[in-house]
Amino acid sequence: MKVSTIHYIYNIPWIYSETFSFDGSGLDYLKGKIKSDNFLESRVNGRVFMYSIFARKVSGLPANIEPHEDPFGYQIQDRNGDGVFETLLGDAPNHDIIVPNWVFK
């Protein structure tokens, strides 16, 4: 199967304006506002099934007082083909891509 990927790059990064927080061991440093200047769209048979979003924390804000700004990525996937990307996979792209069955129908 061939997975097609389109890489989108913003001239002006978008900033997620609400404070987010990942819970769990080793993830507590990912708190605050984020910005992104690129993402990937993945499709099979012309059907988009996943977006990989790459971001980093917005510097200079009180909510982001940690000294490092390591970039991170996450993936969201439409598992059932309804157009809603409801499944958060995390750690983009550090794992195998799982293509949902609906893209083959």
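Out of Ile9, Ile34, which single residue is modelled with pLDDT of 80 or more, of a type in the set (A, V, I, L, M, F, W, C) and farther than 15 Å from Phe85 by Cβ?
On the way: Ile34 fails: modelled with pLDDT of 80 or more.
Only one candidate passes the filter, namely Ile9.
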Among (1) polar (S, T, N, Q); (2) touching a strand residue (DSSP E or B) at 6+ places or on another chain (Cβ under 7 Å); (3) at pLDDT below 90, Gln77 falls short only on (3)
Condition set part of a strand (DSSP E or B), over 12 Å from Pro13 (Cα atoms) and small (Gly, Ala, Ser), scope the range 37-65, selection modelled with the lowest pLDDT: answer is Ser52
Within the range 87-103, of all residues that are farther than 11 Å from Phe49 by Cα and modelled with pLDDT of 75 or more, the one surrounded by the most Cβ atoms within 10 Å (Cβ to Cβ) is Leu89
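The values are calculated or read from the model by the stated rules, or taken from the named source; none is laboratory data. Small disclaimer: the values here were computed from a predicted structure and weren't measured. Note that each Cβ is placed from the backbone with ideal geometry, even for glycine, and that neighbours are counted across all protein chains shown.
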